[in-house]
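**Q** The structure is given below, and queries will be raised subsequently.
The values are calculated or read from the model by the stated rules, or taken from the named source; none is laboratory data. No experiment lies behind these values; they were computed from the predicted model shown. Cβ: placed from backbone, ideal geometry, glycine included. Neighbour counts: every protein chain shown.
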Amino acid sequence: MTDKLFLHDHKSGNSYPYSLLLQDVNSGGLLNRYCLKQDLYNIFLTLVIAAVNEAGIVLLDSGFTDAELQQLNIKQDDLSEQIRLNATRIASTEELLQAVRTHTDWELTLYTSGTTGVPKRITHQLASLIRAVKTDNRHRDDVWGFAYNPTHMAGLQVFFQALLNGNSIINLFEADRETVISCIRDYGITHISATPTFYRMLLPLDDTFPTVKSLTSGGEKFDPGLFAQLGKSFPNARLRNIYASTEAGSILSAGDDAFSILDDSMCRIQDGELLVNNALLGASEELPLDADGWYATGDLVEVVSENPLRFRFLSRKNEMVNVGGYKVNPYETEQALQSHPAVKQAYVYGKASSVLGNILLADVITTQPLSEKDLRDFLAPLLQPYKIPRVINFVTSIELTRSGKLKRT
């Protein structure tokens, strides 16, 4: 392998070739067992060193506060704990990548996002982290736009897909629209995996990006309308929808918003909720399983067809809003709002009401001036009255989580 680019990081402005990665891997004698780093290159370097040396480490979100670490029972002494590494020297980049590929028993511990409580500690072997990774000559020239938090499952999967093919990684996480567009052009990005929120941030797009061969959506409910718009600007891109979780890694893939269950011994639907078999899960003492070893994901679904079994996601179980006795799926109202040509992003949520239990509110980012009446009139033929927000706030930004998704309270 020639000395190709390993990583370009828009935050630091630095670029790192594979030769530097190899040099830094060979220079390490000690490794912190807990990885709590801000710099993307150092996070990636830590992962590679740990995998090559089969040193089990704990990957922490760089945004964890002292209070959050305390909640997870992680002490300052833990952050100082070090692992002594083998003195084996790796001679080439090819040998480095092969060392990572073959250490499938290497263990990495990470935490769930904690959106429904205290984050859960999950330990995965490399084999489960790279379950969906494809390594062959067709992928050796891929250039990945990296748009996920590197300490979360989606970011890890993109990282290993790129690393194990010796690809270049261009950091797009938390980049603004102009930076993303210039990076796609300047580095010839061929693959992007991101949340629908990330893709919507790029709109409107008036130009085309022919180098991009693949756009993958994950982390949030798939939005067919959004991807119809993206198809015009990315004419050569194959569109994929991925279902993955910190607990289980990558599980399902589809070309639209409907997934198929091909093996009902691994996934099944019960009472409108997706269940995953324990065989797909990482090791954890904190995941509640039923008596038969099934894990309830909290994701509500609707069946599209029975034979073959196909379904689409509706909402997270804890995100449904009770409005006057009716269960409202905020995603449905968001998609209706976002189908308006002047609405760039919408966030729908409930607010406590003594009369109705909750009333529905929406925060909306628009590309041109609109009134609340304009949007309510637009929604009237699309939604039942109780699904239409009582209050619509016009805002310039909507808060995101550390993983780049809409922050839902």
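**Q** Select, from Tyr386, Tyr331, Tyr347, the only residue that is among the hydroxyl-bearing types (Ser, Thr, Tyr) and either in a loop (DSSP other than H, G, I, E, B) or surrounded by fewer than 18 Cβ atoms within 10 Å (Cβ to Cβ) (or both). Steps first, answer last, please.
**A** Numbers: Tyr331 fails: either in a loop (DSSP other than H, G, I, E, B) or surrounded by fewer than 18 Cβ atoms within 10 Å (Cβ to Cβ) (or both); Tyr347 fails: either in a loop (DSSP other than H, G, I, E, B) or surrounded by fewer than 18 Cβ atoms within 10 Å (Cβ to Cβ) (or both).
Going through Tyr386, Tyr331, Tyr347 in turn, just one is among the hydroxyl-bearing types (Ser, Thr, Tyr) and either in a loop (DSSP other than H, G, I, E, B) or surrounded by fewer than 18 Cβ atoms within 10 Å (Cβ to Cβ) (or both): Tyr386.
So that you can scan it fast, the table gives a plain yes or no per residue for (1) among the aliphatic types (A, V, I, L, M); (2) at pLDDT below 95:
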residue: Tyr18; (1), (2): no, no
residue: Leu22; (1), (2): yes, no
residue: Cys35; (1), (2): no, no
residue: Gln38; (1), (2): no, yes
residue: Ile57; (1), (2): yes, no
residue: Gly63; (1), (2): no, yes
residue: Asp66; (1), (2): no, yes
residue: Gln71; (1), (2): no, yes
residue: Trp106; (1), (2): no, no
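**Q** Ok, one more. Of all the residues that make up region 358-382, how many are farther than 26 Å from Thr401 by Cβ and surrounded by fewer than 17 Cβ atoms within 10 Å (Cβ to Cβ)? Walk me through how you get there before you give the answer.
**A** Kept after step one, since they are farther than 26 Å from Thr401 by Cβ, are these residues of region 358-382: 368-374, 376-382.
Then drop every residue that is not surrounded by fewer than 17 Cβ atoms within 10 Å (Cβ to Cβ), which leaves 368-374, 376-377, 380-382.
Adding up the residues that qualify gives 12.
**Q** Within region 64-87, can you find the residues that are free of Cβ contacts under 8 Å to residues at least 12 places away in the same chain and not in a helix (DSSP H, G or I)?
**A** Correct list: Thr65, Asn73, Lys75.
**Q** Okay, moving on. If we only count strands (runs of 3 or more DSSP E) wholly inside region 263-309, which ones have 3 or more residues that are under 20 Å from Asn329 (Cβ atoms) and more than 20 Å from the chain's Cα centre (by Cα)? Can you show your working first?
**A** On the way: elements: 267-270, 273-277, 294-306.
Qualifying strands (runs of 3 or more DSSP E): 294-306.
**Q** Name the single residue that is surrounded by the fewest Cβ atoms within 10 Å (Cβ to Cβ) among those in region 334-344 being outside any loop (DSSP other than H, G, I, E, B) and not polar (S, T, N, Q). Break it down into steps so the answer makes sense when it comes.
**A** We begin by selecting, within region 334-344, every residue outside any loop (DSSP other than H, G, I, E, B); these are 334-338, 343-344.
Next, from what is left, pick out any that are not polar (S, T, N, Q): 334, 336-337, 343-344.
Details: Glu334: 22, Ala336: 21, Leu337: 24, Val343: 21, Lys344: 18.
In this case the residue turns out to be Lys344.
**Q** While we're looking at this one, here's another question. What is the residue count in region 327-343 for residues that are of a type in the set (D, E, K, R) and over 11 Å from Ile388 (Cα atoms)? If you could, list the steps in order and put the result at the bottom.
**A** As a first pass, look at region 327-343 and keep what is of a type in the set (D, E, K, R): 327, 332, 334.
Those left that are additionally over 11 Å from Ile388 (Cα atoms): 327.
Residues that pass the stated criteria total 1.
**Q** To continue, here is another question. May I ask you to list pairs of residues, at least six apart or on different chains, whose Cβ atoms are under 8 Å apart, with the first in region 283-304 being on the phi > 0 side of the Ramachandran plot and the second being exposed (fewer than 15 other Cβ atoms within 10 Å of the Cβ) and part of a loop (DSSP other than H, G, I, E, B)?
**A** Qualifying pairs under 8 Å: Gly298/Thr116.
**Q** Mind listing whichever residues of region 381-409 are of a type in the set (A, V, I, L, M, F, W, C) and closer than 21 Å to Lys351 by Cα? Before the answer, list the steps.
**A** So in region 381-409, the residues of a type in the set (A, V, I, L, M, F, W, C) come out as 382-383, 388, 391-392, 394-395, 398, 400, 406.
Answer for region 381-409, where residues must be of a type in the set (A, V, I, L, M, F, W, C) and closer than 21 Å to Lys351 by Cα: Leu383, Ile388, Val391, Ile392, Phe394, Val395, Ile398, Leu400, Leu406.
**Q** Let me ask something else about it. Please pick out the residue among Val323, Val395 that is more than 19 Å from Pro224 (Cα to Cα), among the hydrophobic types (A, V, I, L, M, F, W, C) and touching a helix residue (DSSP H, G or I) at 6+ places or on another chain (Cβ under 6 Å). Before you say what the answer is, go through the steps one by one.
**A** Numbers: Val395 fails: touching a helix residue (DSSP H, G or I) at 6+ places or on another chain (Cβ under 6 Å).
Every option except Val323 fails the conditions.
**Q** For region 110-149, which positions are small (Gly, Ala, Ser) and assigned to a loop (DSSP other than H, G, I, E, B)?
**A** Going through region 110-149, the residues small (Gly, Ala, Ser) turn out to be 113-114, 117, 127-128, 132, 145, 147.
Once the filter is applied, which keeps residues that are small (Gly, Ala, Ser) and assigned to a loop (DSSP other than H, G, I, E, B), region 110-149 yields Ser113, Gly114, Gly117, Ala132, Ala147.
**Q** Being over 22 Å from Thr246 (Cα atoms), of a type in the set (Ser, Thr, Tyr) and outside any loop (DSSP other than H, G, I, E, B), is that true of even one residue in region 98-109? Can you show your working first?
**A** Kept after step one, since they are over 22 Å from Thr246 (Cα atoms), are these residues of region 98-109: 98-99, 102.
Narrowing further to those that are of a type in the set (Ser, Thr, Tyr): 102.
Restricting the remaining residues to those that are outside any loop (DSSP other than H, G, I, E, B) gives 102.
Looking for residues that are over 22 Å from Thr246 (Cα atoms), of a type in the set (Ser, Thr, Tyr) and outside any loop (DSSP other than H, G, I, E, B), one finds at least one in region 98-109, hence yes.
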